[in-house]
Amino acid sequence: MVIYNVTNNMAQSLEAEWLEWTREHIARVLGTGLFMDARLTRVLVTEDDGSSTFSIQYKANSRESLELYYSKYASSLRQEAFEKFGERVLSFRTELDVIDEYRVTGNMN
């Protein structure tokens, strides 16, 4: 399993507009059928300039699924984001190879 992580940083004043747009964008990425799920998170860090940082994590079954996403969809979806926000949102991407996953079972008090 592979996680495709996209971290986005923007001025706090842009946050509401970006979140609204991003929720639709995530649905489009998932609509490619190449990811199992996605998670949108706020990065809990205090930036010196007061900006906001978010992370979107897309989970793919395989490296091949991620490569297919890159070759067929990534370019146009990134272009849409750039046309909407330009350089007002700075993004960087990382890939994470899932080694193990752990879940708590039963009742936690």
Cα Rg, Dmax (largest Cα-Cα span) when computed across the chain, Å: 15.3, 48
Within-15-Å neighbourhood charge of Gln57 [Cβ basis; K, R +1; D, E -1]: +1
Formal net charge of residues neighbouring Asn5 (Cβ-Cβ distance under 15 Å; K, R +1; D, E -1): +3
Placed amide H near Ser51: partners under 5 Å, 5+ positions off or other chain: none
Cα centre as origin, Lys/Arg/Asp/Glu Cβ charges: the chain dipole, Debye: 300
Vicinal HN-Hα couplings computed from phi for the stretch 54-59 (Karplus, 6.51 cos²θ - 1.76 cosθ + 1.60; Hz; Gly/Pro x): 10, 10, 10, 10, 9, 9
In Hz, Karplus ³J(HN,Hα) per residue of the stretch 76-82 (6.51, -1.76, 1.60; θ = phi - 60°; x = Gly, Pro): 5, 5, 5, 5, 4, 5, 5
Span from the the stretch 1-68 Cα centroid across to the the stretch 74-102 one, whole angstrom: 6
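Bear in mind that the values in this text are calculations on the coordinates, not laboratory data. Just so we're clear, the structure is a prediction, and the values are computed from it rather than from any experiment. No Cβ is skipped: glycine too gets one built from the backbone with ideal geometry, and neighbour counts run over all protein chains shown.
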